[in-house]
């Protein structure tokens with residue numbers, strides 16, 4: 001396993017992993033698949049030194065990815081980042097999400113990040129459990145803010161103050 005900064009060459013694999021998550025209605029609020037072209041601006045907004053996008057390679061294949069996203073887009077929140085993790089279906093339950101999240105927490109101080117947040121659907125128990133394992137707390141619930149296939153879904157805000165964490 002290798003975790004490295006994503007390159008533009010990796011974007012088709014990143015998008016394929018994301019698109020694989022859409023039909024399950026557990027991890028994405030998108031209802032239709034996205035294109036590589038539609039994700040280009042998002043990709044170009046990543047910075048290895050500030051808001052990285054990492055891919056995890058397993059035997060030469062992109063098996064998952066983690067992105068840091070600026071939170072709320074205003075300067076007072078510069079030390080807070082939202083993180084997203086997506087793992088290819090063939091690699092679910094192999095510990096890759098755990099590896100990516102551990103690295104994110106470990107590397108956050110060097111990126112100038114003091115607080116991490118994750119927005120996770122309340123019915124996504126595996127992700128909630130993963131984040132809780134690393135000390136993330138439920139900082140709030142946004143009830144019925146998403147509608148997936150006619151079902152209203154809650155969104156849980158999971159948060160972690162990095163200075164309170166030892167990895």
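The values are calculated or read from the model by the stated rules, or taken from the named source; none is laboratory data. What you are looking at is a predicted structure, and each value in this text was computed from that prediction instead of being measured. Note: ideal-geometry Cβ built from the backbone for every residue, glycine included; neighbour counts use all protein chains shown.
Of the listed requirements (1) touching a helix residue (DSSP H, G or I) at 6+ places or on another chain (Cβ under 8 Å); (2) under 20 Å from residue 6 (Cβ atoms); (3) buried (at least 16 other Cβ atoms within 10 Å of the Cβ), residue 130 misses just one: (2). Checking each residue in the stretch 91-120 for being in a helix (DSSP H, G or I) and in contact (Cβ under 8 Å) with a residue 60 or more places away in the chain picks out 96, 99, 100, 102, 103, 105, 106, 111. Taking the stretch 91-110 as the range and being touching a helix residue (DSSP H, G or I) at 6+ places or on another chain (Cβ under 9 Å), surrounded by fewer than 19 Cβ atoms within 10 Å (Cβ to Cβ) and within 19 Å of residue 48 (Cβ to Cβ) as the test, only 109 passes. Within this structure, residue 54 passes the test of being part of a strand (DSSP E or B), out of contact with any helix residue (DSSP H, G or I) (no Cβ under 6 Å at 6 or more places or on another chain) and closer than 19 Å to residue 3 by Cα. The residue that is modelled with the lowest pLDDT, counting only those in the stretch 57-90 that are part of a loop (DSSP other than H, G, I, E, B) and farther than 19 Å from residue 10 by Cα, is 73.
Against the condition in contact with a helix residue (DSSP H, G or I) (Cβ under 9 Å, 6 or more places away or on another chain) and more than 11 Å from residue 26 (Cα to Cα), how does residue 135 come out, does it pass?
Yes, satisfied.
Taking the residues in the stretch 68-90 that are in contact (Cβ under 8 Å) with a residue 12 or more places away in the chain and out of contact with any helix residue (DSSP H, G or I) (no Cβ under 8 Å at 6 or more places or on another chain) as candidates, determine which candidate is nearest to residue 18 (Cα to Cα). Of everything passing the filter in the stretch 68-90, 84 is nearest to residue 18 (Cα to Cα). Total residues in the stretch 1-38 satisfying the condition of being in a loop (DSSP other than H, G, I, E, B), surrounded by fewer than 16 Cβ atoms within 10 Å (Cβ to Cβ) and touching a strand residue (DSSP E or B) at 6+ places or on another chain (Cβ under 9 Å): the figure is 4. Considering only residues in the stretch 121-150 that are in a strand (DSSP E or B) and touching a residue at least 40 places away in the same chain (Cβ under 8 Å), the one that is nearest to the chain's Cα centre (by Cα) turns out to be 121.
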